[in-house]
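The values are calculated or read from the model by the stated rules, or taken from the named source; none is laboratory data. Quick caveat: nothing in here was measured; it's all calculated off a predicted structure. Virtual Cβ from ideal backbone geometry, glycine too; neighbours counted across all protein chains shown.
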Amino acid sequence: MKNPNLIVVFLVLAALVSLSPAYAQDKPALIVGAIYIGSVNDYGYNRSMKDGLEEMKANIPGLKLIEAENVPETAECERVMENMIQQGAKLIFPTSFGHMDFALNVARRHRDVFFYHPGGYKVEQNFGNFYGKTQTAWFPIGIAAGRMTKTNKIGFVVGQPIGYALGNVNAFQLGARSVNPKVQTIVVVTNSWSDKAKEAAAANALLDQGCDILTMHVDSPAVIIQAAESRGAMSIGFQSIESRRLAPKGWITGLGFTWGKFMTEVAKSVINGTFKPGFVRQGIDEGMMAVAPFGPSVPADVQKQVLDAVDKLAKGFNPFTGPIKDNEGIVRIKEGEVWGNDKMGNFDWYAEGIVGKAK
Amino acid sequence: MIATLLRGVLAGAILSGTLLLYATLGEVITERAGIVNLGLEGILLIGAAVAFAVASVTGSAYLGVLVAAVAGGIAALIFGYLVVSRKANQLASGLAMMFFGTGVSALVGKSYVGAVIEGLPKIRVPWLSSLPWVRGSTLFNWDILVYLAIPMAALAWWLLFRTRWGLGVRAVGENPIAAFASGRRPQLLQYQALFVGGLFGGVAGAHLSVSLTRTWNEGMTAGRGFIAIALVIFSKWHPLRAIAGALVFGGAEALQLQLQARGTQVSPFLLDMFPYLLTLAVLLAWGGARRSAAPAGLGRTFVGIE
Amino acid sequence: MRVDSAAKSLRRVAVWSSRPLRYLLIIVLALAIFSLILLLVGKDPVKAYRDTFAYTFGNAYGLSELLVRMIPLLLAAVAVALPARVGLINVGGEGQLYMGAWLASAGALAFPAMPAWILLPIMAVFGFIGGAVWAAIPGILRAKKLVNETITTLLLNYVAPMIVSFFIFGPWRGVESSSYPQSAAFTDSARLPSFFNTRIHAGLILALAALLLYWLLVEKTRWGVQMRAIGGNPDAAERLGIPIVLFTVVVMAIGGGIAGIAGMGEVSAIQGRLRQGLSPGYGFTGFLIAWLAGARPIGIFLMSLLFAVITSVGDILQITQGLPYAVVNILMAVILFVVLGRRPVRRA
C-alpha cells in the first residue's frame, strides 16, 4: 500500500470527532445488564429470564435495564459485558451457563460490579450462582405424564446430554413410573439447545414411534409443543409456563422458572450495599419455580396427585433416594443413599424405563 | 418394528427433503446457465425470514410463501448483477450473498421471533392417508409445498429440456460465446435463470419457517443451502435425479433421529455426522463421473471439474 | 480456455487496492449503504458509528480487544490467501479451526505436567497438524480431480464441530463440570500468555509470523513463483513439470494448518479448555478479508483491523440500538459487493 497512514489518520480523526460528547442522562437507581443466549421471545428459558428481569424492574422504581440478545458463549460475550459496564451497569445477569467463565473474567476485572449467574458453580466475592431445583421438580410432572399417557410411551427431547438434563429426565421418569410401572420415556438428543428444524424432526420421530406425550429440555419448547399439538398428541412444557398458550388442546402441565422474586432481592442488595454471593438453589416452594396451570383434559384427581407430590417435595422428599437402577440394570443410587443438590450435575446414566443412550 | 422404522424414515425424508429439493432445483437451473450460487444459503434464510414475517403480519402462510419466493428472486438478481454484469468472481460473490442473507434475514425476522403462526395448513389425502401402514404418521397429510415438490421437479425438467428458453439457458451454460453467436442473449438468459433459481430458493426457505418449524430464528437453515449445492452435483445437474438426492439426504437426517427414538446405542454426534459424510461419500464415488456432466461453462469457476 | 482462478482475481483487486483513496471510498460507500439500511429500520447510524469509535478507540480495553479479535481473523485470512495463490478455494477455515483446537486440546490434556515452554509449542504444532489434515483431505480429493475443494471444505465445516462435541461429551468430559459439555480446564502451562493485563495473547505473534511466512513464501521463494504459475495457468505449469498434485495437497495443508493454529489460540488463550462454539464464523470472515485484501500481507493486516472494528459495530448495534448482532453481516456483505462490483472483468 502506498499510504496506509492515510487510513490510520482518518480513523484517528474520526475517533477524536466522535469522542465529543456525552449525552446527559438522569441518574437511575441502578443499571442492570443482562445478556441472553437467544431471543427473549422463545416461550422458553430466555423468556423466563426476561420475565424475571421485568418483574425486578417493576419492583424497583428507577431501575434501568440494558439487554443484549443472541450473545454467544464465546469471547464475544466478554466484550458485551464490558460495554454494559462502560454504560454504567453495576449488576449483571449473564443468563446462560456458558457465559460463566467469561463473566467471571469480567468480574475479576471489575470488583465493584456484581454478578449473579444461573446454572453455574463458581462463586467469588462479587459473583454468585443461582438456579432452580429443577431435577426434583420434574418428579410431580412425571406423575402427571404417567397418569395421562395411553400408549405408555412418552417422548423427551433433550438439547444436550449434560448431567442436569439427564437428571431432569430421570426425575421425570421416576415420577411417571411411580404411578405407572409400564411407562417408557424415549429420549432423543438434538445436540443443540436451540435447533428448531431438528426439534421438529425429533418431535415427529418420537410421535412416529408411538409417543402420545411430548416434553423437552431445550431452550424453547415452542416447536415441540406445536408439533405435538398438530398431530393430536399431548404436551408438557418446560422453562416458561407461558408455553401453554401454544397447545390449547393437548397441554397437560409444565414446569417454569419464576426468577423475579430472587432477582429483585439481588438488585435490592446491590442498591443497599449488602450483596452476598452464594450458591443458591431454590425450588417451587421458595418461589423460583412454578408448576404451570393444568390443561383442559387433566382430571381433578391427577391434578391433586401432582400437587400432593409438590407438597411432599417442599417437606423434604427427594426422589433420588436409593435404591435406583439405571436402564441397564446397574444400581446407581444405593440403598439408603440420597443424591442432593450438589450431585445434580453428575448424572451420566438413565433410570429404568428410559430408552436412550446417556453417553 | 422395521416397518415403523421405515415408515418413520420415509415420512421424515419427505418432510426434510422437500425444502432440499426446492433449493436443489433452483440451483440446478442456475448452474445450467453456468453460474454457481454459493449464496444459496443466504437466499434460503431470506426466504425463511420473509415468509415468517409476512405470515405473522397477514395471517396467511400462503402469502408468506409467495412473498418469500419473490424476495429470493430479488436477492438472486442482486447476486446476478455482480456475477453477470460485473463479471465478479462467482465464489466470492456467493459468499458475500451468504453474509448478506444472514444479516438481512436477522434484521427482517427480529420483530417476529416468537410469534405464533398457523403455518401452512395440512391437506389430507382421503383414502391413502387411512391405509393401515400409513395411518398415524405424517404420510399423505402434508402441506401444499410437499405435494408440489415432485411436480415442480418435473416442471424444472420440462423448462430446461423441453422449451426453447431452457435450450438457451443450457447453451449459455455450455458455451456463452457460441450462444451469443447463435443469436441468444446470454446475459438476459442468465438473469432469468438466476431469478427462477431465487424463486425456488425463497420457497425452500419458506417451507422451513412456515411449515416445518412454524418459527423463525437466526441462521435456522444450518447449512442446508450448501447441502443443496452438493446435491446438484449428486444429481448430475438433472432435476429429476434431484428428487432422489433430496430424499436420500432428508432420509439420512431422519434416520439418525428415528434411530435415537428407538434407543439405538450410538452417540448422537456420530449419527449427526452421517448425512454430511454420506454426501461426501457420494460426491467422492460419483464425483469423477460427474465431471463430464457439468455444464462446461461452470468449469471457469470450479477449477478441477474439468 | 482461460481459467478464471482466484489468484488472478485477487491480483486484479490488489492492483487498485494499492491506492488508499479508493480503499477509503469503498469503505465510505459501503458505510453509506449500510446507514441507509439502518435508517430504513428506524435506527440511528451516526450514533452507532460514534458509539463504536468511542468504545473501540476511546479506551484501552477497546483497543486491546481489537487486537484480540484480529488474531483469529489474520490467521483465517492467511489460511485462505495461501491456497488461493495456487488457485484453490479454501472455505473450510471453520472446520480447520475446530480440528486444530481439538488436536491442540489433546496435547494439553495428555501432557498437563509439562512446562509451558515445551507444552505450548507442542500444542501449536498439534493445532497446525489438526487443521492441516482437515484441509489435506479436500486437497487430495481435488488433486485427484475427484471433487472440487469448495464443496468438500464447506461440508467438512459441519463435521468438525461434531467431532469436538463427541469428545467433550464423551472421553474428554471434564470431571468438575460433568454437568456441562466441556473438557477439563487446561493447566496453566497450557495457556498462552497474555500481555499487559489484557487478553492480547501470544497468538498474535503466531498470527504475525504466519503473515510473514506467507509473504516470504509467495514473494520471495522459488516455490512462490511455481505457486503463482499453477494458480495462473495449471496446464502450462504441468507442462513445465511443476508437480501440481503435490503443491495442491501441501498448500491446502499449510493453509488449513494456519487455521488450525487459530483454533489452538482460541482454546489455549481465550477459553482455557475445549468446548463448543469456538468460532463465531472466523473462517468465513477470513475468506472475505482475504478477498478484499488482494492477497497482499499489509492488505490482510489492515482488512483484519477493519473487520475487527466492524464486528464492534455489531456489538454496539445490539446493546444500544436493539438490533441483532447478525445485522453486521450486511455491512460486511455490502463492502464485498462494492468491491466486487467495481470493475467488470473484460476477459474471454
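Quick one: which residue in B:Leu45, B:Leu148 is free of Cβ contacts under 8 Å to residues at least 60 places away in the same chain and under 17 Å from B:Gly202 (Cα atoms)?
Values: B:Leu45 fails: free of Cβ contacts under 8 Å to residues at least 60 places away in the same chain.
Result of the check over B:Leu45, B:Leu148: B:Leu148.
Could you list, in sequence order, the residues of segment A:314-359 that are surrounded by fewer than 20 Cβ atoms within 10 Å (Cβ to Cβ) and within 23 Å of A:Met288 (Cβ to Cβ)?
A:Ala314, A:Lys315, A:Gly316, A:Phe317, A:Asn318, A:Thr321, A:Val338, A:Gly340, A:Asn341, A:Asp342, A:Lys343, A:Asn346
Is it true that C:Gly93 is crowded, with 24+ Cβ neighbours inside 10 Å, within 13 Å of another protein chain (Cβ to nearest Cβ) and either in contact with a strand residue (DSSP E or B) (Cβ under 8 Å, 6 or more places away or on another chain) or not polar (S, T, N, Q) (or both)? Lay out the reasoning, then the answer.
Working: crowded, with 24+ Cβ neighbours inside 10 Å: yes; within 13 Å of another protein chain (Cβ to nearest Cβ): yes; either in contact with a strand residue (DSSP E or B) (Cβ under 8 Å, 6 or more places away or on another chain) or not polar (S, T, N, Q) (or both): yes.
Criteria met by C:Gly93.
Which condition from (1) without any contact (Cβ under 8 Å) to a residue 12 or more places away in the chain; (2) touching a strand residue (DSSP E or B) at 6+ places or on another chain (Cβ under 8 Å); (3) not acidic (Asp, Glu) is the one that C:Gly241 breaks?
Against the list (1) without any contact (Cβ under 8 Å) to a residue 12 or more places away in the chain; (2) touching a strand residue (DSSP E or B) at 6+ places or on another chain (Cβ under 8 Å); (3) not acidic (Asp, Glu), C:Gly241 comes up short only on (2).
Name the residues in segment C:242-263 that are modelled with pLDDT of 90 or more and of a type outside the set (A, V, I, L, M, F, W, C), would you?
Listed by number, the residues that qualify are C:Gly255, C:Gly256, C:Gly257, C:Gly260, C:Gly263.
Mind checking whether some residue in segment A:206-223 is touching a residue at least 12 places away in the same chain (Cβ under 8 Å), surrounded by fewer than 24 Cβ atoms within 10 Å (Cβ to Cβ), more than 9 Å from every other protein chain (Cβ to nearest Cβ) and at positive phi? Spell out how you get there, then give the answer.
First, the residues of segment A:206-223 that are touching a residue at least 12 places away in the same chain (Cβ under 8 Å): A:206-207, A:209-223.
Still in the running and surrounded by fewer than 24 Cβ atoms within 10 Å (Cβ to Cβ): A:209-210, A:212.
Those still in the list that are more than 9 Å from every other protein chain (Cβ to nearest Cβ) too: A:212.
Pick out the ones that are also at positive phi and you get none.
No, the conditions are met nowhere in segment A:206-223.
Taking A:Ala290, is it touching a Leu at 6+ places or on another chain (Cβ under 9 Å), touching a residue at least 12 places away in the same chain (Cβ under 8 Å) and in a strand (DSSP E or B)?
On the way: touching a Leu at 6+ places or on another chain (Cβ under 9 Å): yes; touching a residue at least 12 places away in the same chain (Cβ under 8 Å): yes; in a strand (DSSP E or B): yes.
Criteria met by A:Ala290.
As an exercise: evaluate A:Asn180 against (1) polar (S, T, N, Q); (2) more than 30 Å from A:Ala34 (Cα to Cα); (3) within 14 Å of chain C (Cβ to nearest Cβ) and give the number of the one condition it does not meet.
The single condition A:Asn180 does not satisfy is (3).
Rundown of residues vs (1) closer than 16 Å to C:Pro72 by Cβ; (2) crowded, with 24+ Cβ neighbours inside 10 Å; (3) at pLDDT 90 or above, yes/no style:
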{"site": "C:Gly265", "(1), (2), (3)": "yes, yes, yes"}
{"site": "C:Arg273", "(1), (2), (3)": "no, no, no"}
{"site": "C:Gly283", "(1), (2), (3)": "yes, yes, yes"}
{"site": "C:Trp291", "(1), (2), (3)": "no, yes, no"}
{"site": "C:Val309", "(1), (2), (3)": "yes, no, no"}
{"site": "C:Leu336", "(1), (2), (3)": "no, yes, no"}
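Please enumerate the residues belonging to segment C:201-229 that are touching a residue at least 40 places away in the same chain (Cβ under 8 Å) and farther than 23 Å from C:Phe128 by Cβ.
C:Arg228
A quick yes/no check of all residues on (1) closer than 30 Å to A:Gln125 by Cα; (2) in contact with a strand residue (DSSP E or B) (Cβ under 6 Å, 6 or more places away or on another chain); (3) more than 14 Å from every other protein chain (Cβ to nearest Cβ); (4) not in a loop (DSSP other than H, G, I, E, B):
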residue	(1), (2), (3), (4)
A:Ile252	no, yes, yes, yes
A:Ile271	yes, yes, yes, yes
A:Asp285	yes, no, yes, no
A:Ser297	no, no, yes, no
A:Val302	no, no, yes, yes
A:Leu307	no, no, yes, yes
A:Phe317	no, no, yes, no
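Can you give me the number of residues within segment A:193-209 that are within 21 Å of B:His207 (Cα to Cα) and either among the β-branched types (Val, Ile, Thr) or outside any helix (DSSP H, G or I) (or both)?
Total satisfying the criteria: 2.
Restricting to segment C:120-155, count the residues that are of a type in the set (Val, Ile, Thr) and either surrounded by 24 or more Cβ atoms within 10 Å (Cβ to Cβ) or over 19 Å from C:Ala101 (Cβ atoms) (or both).
Start the filter on segment C:120-155 by keeping residues that are of a type in the set (Val, Ile, Thr), which leaves C:122, C:125, C:129, C:133, C:137, C:140, C:147, C:150-153.
Subsequent filtering for residues that are either surrounded by 24 or more Cβ atoms within 10 Å (Cβ to Cβ) or over 19 Å from C:Ala101 (Cβ atoms) (or both) retains C:140, C:147, C:150-153.
Residues flagged as of a type in the set (Val, Ile, Thr) and either surrounded by 24 or more Cβ atoms within 10 Å (Cβ to Cβ) or over 19 Å from C:Ala101 (Cβ atoms) (or both) within segment C:120-155 amount to 6.
Would you call A:Lys182 assigned to a loop (DSSP other than H, G, I, E, B), modelled with pLDDT of 90 or more, surrounded by fewer than 24 Cβ atoms within 10 Å (Cβ to Cβ) and charged (D, E, K, R)? Let's see the steps before the verdict.
Working: assigned to a loop (DSSP other than H, G, I, E, B): yes; modelled with pLDDT of 90 or more: yes; surrounded by fewer than 24 Cβ atoms within 10 Å (Cβ to Cβ): yes; charged (D, E, K, R): yes.
Yes.
Of all residues in segment C:271-321 being of a type in the set (A, V, I, L, M) and touching a strand residue (DSSP E or B) at 6+ places or on another chain (Cβ under 9 Å), which is farthest from the other protein chains (Cβ to nearest Cβ)?
To start, the set of residues in segment C:271-321 that are of a type in the set (A, V, I, L, M) comprises C:274, C:278, C:288-290, C:292-293, C:295, C:298, C:300, C:302-303, C:305-306, C:308-310, C:313, C:316-317, C:319.
Imposing the further condition that a residue be touching a strand residue (DSSP E or B) at 6+ places or on another chain (Cβ under 9 Å) reduces the set to C:274, C:319.
Working: C:Leu274: 13, C:Ile319: 5 Å.
Within segment C:271-321, the match that is farthest from the other protein chains (Cβ to nearest Cβ) is C:Leu274.
Restricting to segment A:65-89, count the residues that are of a type in the set (Lys, Arg) and surrounded by fewer than 21 Cβ atoms within 10 Å (Cβ to Cβ).
So the first thing to find is which residues in segment A:65-89 are of a type in the set (Lys, Arg), and the list is A:79.
Add one more test, that the residue is surrounded by fewer than 21 Cβ atoms within 10 Å (Cβ to Cβ), and what stays is none.
Of the residues in segment A:65-89, 0 are of a type in the set (Lys, Arg) and surrounded by fewer than 21 Cβ atoms within 10 Å (Cβ to Cβ).
Taking the residues in segment A:292-315 that are of a type in the set (A, V, I, L, M) and more than 12 Å from A:Thr136 (Cα to Cα) as candidates, determine which candidate is nearest to the chain's Cα centre (by Cα). So that I can check it myself, show each step before the final result.
So the first thing to find is which residues in segment A:292-315 are of a type in the set (A, V, I, L, M), and the list is A:292, A:298, A:300, A:302, A:306-307, A:309-310, A:313-314.
Still in the list and also more than 12 Å from A:Thr136 (Cα to Cα): A:292, A:298, A:300, A:302, A:306-307.
On the way: A:Ala292: 15, A:Val298: 25, A:Ala300: 29, A:Val302: 26, A:Val306: 21, A:Leu307: 22 Å.
Looking at residues that are of a type in the set (A, V, I, L, M) and more than 12 Å from A:Thr136 (Cα to Cα), I get A:Ala292.
Testing A:Asp219 on (1) modelled with pLDDT under 90; (2) in contact with a Pro (Cβ under 9 Å, 6 or more places away or on another chain), one condition comes back false. Which one is that?
Looking at each condition in turn, A:Asp219 falls short on (2).
Only one residue in B:Ala244, B:Ala252, B:Ala222 is within 13 Å of chain A (Cβ to nearest Cβ), assigned to a helix (DSSP H, G or I) and either on the phi > 0 side of the Ramachandran plot or surrounded by fewer than 24 Cβ atoms within 10 Å (Cβ to Cβ) (or both). Which one? Before the answer, list the steps.
Values: B:Ala244 fails: within 13 Å of chain A (Cβ to nearest Cβ); B:Ala222 fails: assigned to a helix (DSSP H, G or I).
Sole residue among the options that is within 13 Å of chain A (Cβ to nearest Cβ), assigned to a helix (DSSP H, G or I) and either on the phi > 0 side of the Ramachandran plot or surrounded by fewer than 24 Cβ atoms within 10 Å (Cβ to Cβ) (or both): B:Ala252.
Which ones in segment C:47-60 are touching a helix residue (DSSP H, G or I) at 6+ places or on another chain (Cβ under 9 Å), over 15 Å from C:Gln318 (Cα atoms), surrounded by fewer than 19 Cβ atoms within 10 Å (Cβ to Cβ) and not polar (S, T, N, Q)?
Hit for segment C:47-60 is C:Gly58, nothing else.
Can you go through C:Leu21, C:Leu38 and tell me which one is farther than 27 Å from C:Leu204 by Cβ, modelled with pLDDT of 85 or more and out of contact with any strand residue (DSSP E or B) (no Cβ under 7 Å at 6 or more places or on another chain)? Please lay out each step first, then the result.
On the way: C:Leu21 fails: modelled with pLDDT of 85 or more.
Only one candidate qualifies: C:Leu38.
If I go through segment B:267-280 residue by residue, how many of them are more than 7 Å from every other protein chain (Cβ to nearest Cβ) and in a loop (DSSP other than H, G, I, E, B)?
Looking only at that region, the number is 0.
Here are the criteria: (1) buried (at least 24 other Cβ atoms within 10 Å of the Cβ); (2) in a helix (DSSP H, G or I); (3) within 11 Å of chain B (Cβ to nearest Cβ). Tell me which single one C:Tyr158 does not satisfy.
Result: C:Tyr158 passes all but (1).
Where residues in segment A:223-250 are modelled with pLDDT of 90 or more and assigned to a helix (DSSP H, G or I), which of them is nearest to B:Thr215 (Cα to Cα)?
Taking the candidates together, the pick is A:Val223.
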